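The values are calculated or read from the model by the stated rules, or taken from the named source; none is laboratory data. Please read all numbers here as calculations on a predicted model, not as lab measurements. Glycine also receives a Cβ, built like all others from the backbone with ideal geometry; neighbour counts cover every protein chain displayed.
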Amino acid sequence: MKCKECDANISPPKDSMEGEIITCTDCGASFELVKGSTGFELKPAQTVGEDWGQ
Ligand SMILES: [Zn+2]
């Protein structure tokens with residue numbers, strides 16, 4: 001699977017579970033592992049501490 005930020009290849013561990021947070025080693029972006037129809041997909045993870053809407 002590919003990083004949505006920098007297009008680098010990300011290989012999650014074989015024993016990864018849904019909901020796990022994967023961090024791109026290239027750009028440091030964090031993604032949540034979600035199960036799709038063909039396997040795992042990456043969903044941008046919510047980062048805490050930004051955008052509290054104030
Ligand atoms: Zn990246």
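Applying the condition of being acidic (Asp, Glu) and in contact with a strand residue (DSSP E or B) (Cβ under 7 Å, 6 or more places away or on another chain) to the range 1-34 and asking which residue is nearest to residue 45 (Cα to Cα) yields 32.
Note on the range 29-40: among residues that are under 8 Å from the mean Cα position of the chain (by Cα) and in contact (Cβ under 8 Å) with a residue 24 or more places away in the chain, the one that is nearest to the ligand (Cβ to nearest atom) is 29.
Residues that are surrounded by 13 or more Cβ atoms within 10 Å (Cβ to Cβ) and of a type outside the set (Gly, Ala, Ser) within the range 28-42 comprise 31, 32, 33, 40, 41, 42, listed in sequence order. Scanning the range 7-18 for any residue that is in a strand (DSSP E or B), near the ligand (Cβ under 9 Å from one of its atoms) and modelled with pLDDT under 95 turns up nothing.
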